[in-house]
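Below is one structure; the comments refer to it alone.
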Amino acid sequence: MKALISFSLNRRLNNPVSWMLYGFSFILFGIVLFADILLATFAPALVVPKSIHMNSAMFDRMGEYLPASFVYQNDPLKADVLIHVKDDGYLVTGNITIEQGQVIDHLIVGYHRISMIEQIPDSIVSLLDQVMIANIEWENVAEPSVNHSGFIVITTIYFMLLSFSTAVANEVVNEKTSNVIEVILTSVSHKEHYYSKLLIGWFTMLMQLMIHGFGFVFWLMVRIVFDNGSGLLNVLYRWQFLSAPYDSIEEWMRSLNIQMSSLGIIILCATFLMLGILLVQLLMVLISVHINSIEEAAAIQGPFYLGMLIVYYLAIFINSADQLNYGWGYIFSYTPILSMLFMPSRLLLTDVMVSELILSIGIGLVALIICLIFGEEHYRNNLLKGIAKSTFVKNET
């Protein structure tokens, strides 16, 4: 079995296409982590903030509200944008985008309101404050919006793992259509071949994650040595991907405030994903033994991906606390295969009891073990169907 796994891994990972992919991902990580420097060189308008000048009175009142896309310039001759206060209004000069114009419009409106209020006597201002106080009563309010970034990460991993499960099935089909399977079975038994196919997919995934992870870590270390990531973080803040400015990657990591409970949820989500994908991979391998041509494999994979896509959109549609605690989402969180998306959704959005987690994992493990045991006999009986059986196939022990 070791030789078969080694041969399959070498065939998958050590080929011109794979090396091309490694090189592409390595370059891509470098481009992403040094995007601010590349954009400052080739498209400076996207990363360099506009310098803006306004009179001292306006800056004293509105300077704190100046967004990161603008930087104040004390010298009007060096400023990209000028705001002039006139007797009958305001004059803005400079080359700006529509979005930047909207920001300046809000600044001017805010300054104008403050200036008008300062001209009103205090007695009138206090009277206006009393009149403008609204009496608000809340009843049957909607639940607060939930951050779905965790679910986005889960579904990304979900589709990445699906590609590995179909790759194993394609390998079985290729061995059958090229009659290589008969040669392989002269050295290994059906059982060894069966379990090796299940292990190859996971070894391939881990190896590729390690290879691509090395490229990412390499460029990350280079970026930390270069400027500790401050330039990239400032650009992300100006583009409003970050809610606050950070001077270093370490400072940004500390702001995430990742606690042990959060790490536990991440591990549990990964456990459900791995368990579900392993069951999907097993089912795909069992289906592949009935396929005798590449055309049949393509016909099978289309409905398979469609079914997995339906599961994905179903998880999005039912991605609410009520559905996940009491509706179909609650039932699906205990259903094998479906639980790999619905139980992580419950973990991210609601509080799940330990007994519920144990029950869901137990159902998934039982389903996997049943398919694994009965699948071995099914695999042995159908692997050579559709091709001429060789007399050199190794006897089962």
(message) Using the Cα centre of the chain as origin and beta-carbon charges of +1 (Lys, Arg) and -1 (Asp, Glu), tell me which of 215, 117, 379 is placed farthest towards the positive end of the dipole.
(response) 379
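Taking every DSSP beta bridge with both residues inside the chain, roughly what % is antiparallel (nearest 5)?
55
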(message) Would you work out the Kirkwood radius for the chain? I mean one over the mean of 1/r across all pairs of different Cα atoms, in Å.
(response) 26.7
(message) I need 185, 9, 256 ordered by Cβ neighbour count within 10 Å, fewest first.
(response) 256, 9, 185
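When Lys and Arg each count +1 and Asp and Glu each count -1, what net charge do the other residues less than 15 Å away from residue 29, Cβ to Cβ, add up to?
Here the count lands on 0.
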(request) Give the long-range amide H neighbours of residue 51: residues separated by 5 or more places, or on another chain, with amide H under 5 Å away, using H modelled in the peptide plane at 1.01 Å from N. (result) 71, 80, 81
(request) Work out the length of the dipole vector of the range 49-131 about its Cα centre, built from +1 on the beta-carbon of each Lys and Arg and -1 on the beta-carbon of each Asp and Glu, and round it to the nearest 20 debye. (result) 220
(request) Restricting to the range 49-131, compute how many DSSP beta bridges are antiparallel as a %, nearest 5. (result) 55
(message) Checking understanding here: applying a Kyte-Doolittle mean of at least 1.0 and a length along the axis of at least 27 Å (C-alpha), which whole DSSP H helices in the chain pass?
(response) 260-288, 294-317, 354-382
(request) Mind counting lysine pairs for me in the chain? Cα separation below 23 Å, and the two need to be 8 or more apart along the chain or on different chains. (result) 19
(request) List, in order, the whole-Hz ³J(HN,Hα) value for each residue of the range 76-93 obtained from phi through the Karplus relation with A = 6.51, B = -1.76, C = 1.60 and θ = phi - 60°; use x for Gly and Pro. (result) x, 6, 9, 7, 7, 10, 10, 10, 9, 8, 10, 5, 10, x, 9, 10, 10, 10
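Every number here is computed from the coordinates shown, using simple stated rules; none is lab data. The model shown is predicted, which means the values in this text are computed figures rather than measured ones. Cβ atoms come from the backbone with ideal geometry, glycine included; neighbour counts cover every protein chain shown.
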